[in-house]
Amino acid sequence: MFQRSAIADLPKPQQYAELVTQLRGLLQGECNLIANAANFAALVYHALPGLNWCGFYFVDAAVAGGELVLGPFQGQPACVRIAFGRGVCGTAAATRTTQLVADVHAFPGHIACDAASRAEIVVPLLLPDGRLLGVWDVDSPQRARFDEDDRAGMQTLTAVFLQACAV
Ligand code: SME
């Protein structure tokens with residue numbers, strides 16, 4: 001059985017260092033993308049304090065112009081499809097850069113899936129060959145919940161996910 005340890009009281013860099021270790025153990029030896037994405041979301045959601053949603057949106061290659069479609073997540077049911085360039089997730093996909101938003105109410109075009117969400121961080125998932133797999137999206141009801149420590153930590157976690165054999 002996977003043993004998750006409590007990290008909420010640690011300083012953020014240590015929270016992420018611990019999560020990286022736990023994530024490596026969780027993904028070890030498994031090559032299924034959906035299973036790994038589901039366990040990734042569950043690990044982060046239950047380990048980090050102050051989140052109300054986290055999950056994946058994957059690129060739907062069949063849609064012209066680029067579209068994201070909902071993948072494994074934790075939290076309330078969410079918007080299923082997001083066009084490239086729309087909202088925080090679509091902006092991360094279109095620009096291929098991490099979006100760190102202190103207050104989503106001030107973000108032009110923000111898509112409100114859960115009215116409780118206030119802060120958001122979205123990391124693009126770039127494959128070694130340059131293709132975009134999708135984005136990793138994390139929401140919080142607390143304004144300015146995410147900072148540069150979260151940007152670095154989430155980028156490291158997604159890198160571990162992308163290195164798993166499934167991708
Ligand atoms: N708020 C996001 C949409 C996804 S949900 O938060 C789960 C956005 O603006 O892209």
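For ARG118, indicate whether it is in contact (Cβ under 8 Å) with a residue 24 or more places away in the chain, among the charged types (D, E, K, R) and either open to solvent by 70 Å² or more (accessible area, probe 1.4 Å) or in contact with a Pro (Cβ under 8 Å, 6 or more places away or on another chain) (or both).
Numbers: in contact (Cβ under 8 Å) with a residue 24 or more places away in the chain: yes; among the charged types (D, E, K, R): yes; either open to solvent by 70 Å² or more (accessible area, probe 1.4 Å) or in contact with a Pro (Cβ under 8 Å, 6 or more places away or on another chain) (or both): yes.
For ARG118, the condition - in contact (Cβ under 8 Å) with a residue 24 or more places away in the chain, among the charged types (D, E, K, R) and either open to solvent by 70 Å² or more (accessible area, probe 1.4 Å) or in contact with a Pro (Cβ under 8 Å, 6 or more places away or on another chain) (or both) - is met.
Which residue out of VAL59, VAL104 is touching a His at 6+ places or on another chain (Cβ under 6 Å) and either touching a residue at least 60 places away in the same chain (Cβ under 8 Å) or under 22 Å from GLN155 (Cβ atoms) (or both)? Show your work before the answer.
Numbers: VAL59 fails: touching a His at 6+ places or on another chain (Cβ under 6 Å).
Just one listed residue meets the conditions, VAL104.
Say we look at the range 94-110 and pick out the residues that are more than 12 Å from the chain's Cα centre (by Cα) and under 23 Å from PHE40 (Cα atoms); which of these is most open to solvent (accessible area, probe 1.4 Å)? Spell out how you get there, then give the answer.
If we filter the range 94-110 for residues that are more than 12 Å from the chain's Cα centre (by Cα), which is where we start, we get 94-97, 101-110.
From what is left, the residues that are under 23 Å from PHE40 (Cα atoms) are 96-97, 101.
Values: ARG96: 105, THR97: 65, VAL101: 15 Å².
Selected residue: ARG96.
Test of understanding: among PRO128, PRO141, PRO77, which residue is at pLDDT below 95 and surrounded by fewer than 18 Cβ atoms within 10 Å (Cβ to Cβ)?
On the way: PRO141 fails: at pLDDT below 95; PRO77 fails: at pLDDT below 95.
The unique qualifying residue is PRO128.
Conditions: (1) open to solvent by 70 Å² or more (accessible area, probe 1.4 Å); (2) in contact with a strand residue (DSSP E or B) (Cβ under 9 Å, 6 or more places away or on another chain). GLN163 meets all but one. Number of the miss?
Just one mismatch for GLN163, condition (2).
Considering the range 126-158 alone, what residues qualify as being within 15 Å of the ligand (Cβ to nearest atom) and hydroxyl-bearing (Ser, Thr, Tyr)?
SER140, the sole residue that qualifies.
Can you tell which of VAL123, VAL80 is β-branched (Val, Ile, Thr), in contact with a Phe, Trp or Tyr (Cβ under 8 Å, 6 or more places away or on another chain) and within 13 Å of the ligand (Cβ to nearest atom)? Step through it out loud before you land on a result.
Details: VAL80 fails: in contact with a Phe, Trp or Tyr (Cβ under 8 Å, 6 or more places away or on another chain).
None of the other options fit; the residue is VAL123.
Looking at THR158, THR95, which is the one that is polar (S, T, N, Q), closer than 21 Å to LEU10 by Cβ and without any contact (Cβ under 8 Å) to a residue 40 or more places away in the chain?
On the way: THR95 fails: closer than 21 Å to LEU10 by Cβ.
Testing whether each residue is polar (S, T, N, Q), closer than 21 Å to LEU10 by Cβ and without any contact (Cβ under 8 Å) to a residue 40 or more places away in the chain leaves just THR158.
The values are calculated or read from the model by the stated rules, or taken from the named source; none is laboratory data. Predicted, not measured: the structure shown is a model, and the values here were computed from it. Here Cβ is always computed from backbone atoms with ideal geometry, including for glycine, and neighbour counts include all displayed protein chains. Please note that ligands, DNA and RNA were not included when accessible areas were found on the heavy atoms of the full protein model with its side chains. Shrake-Rupley method; radii C 1.70, N 1.55, O 1.52, S 1.80 Å.
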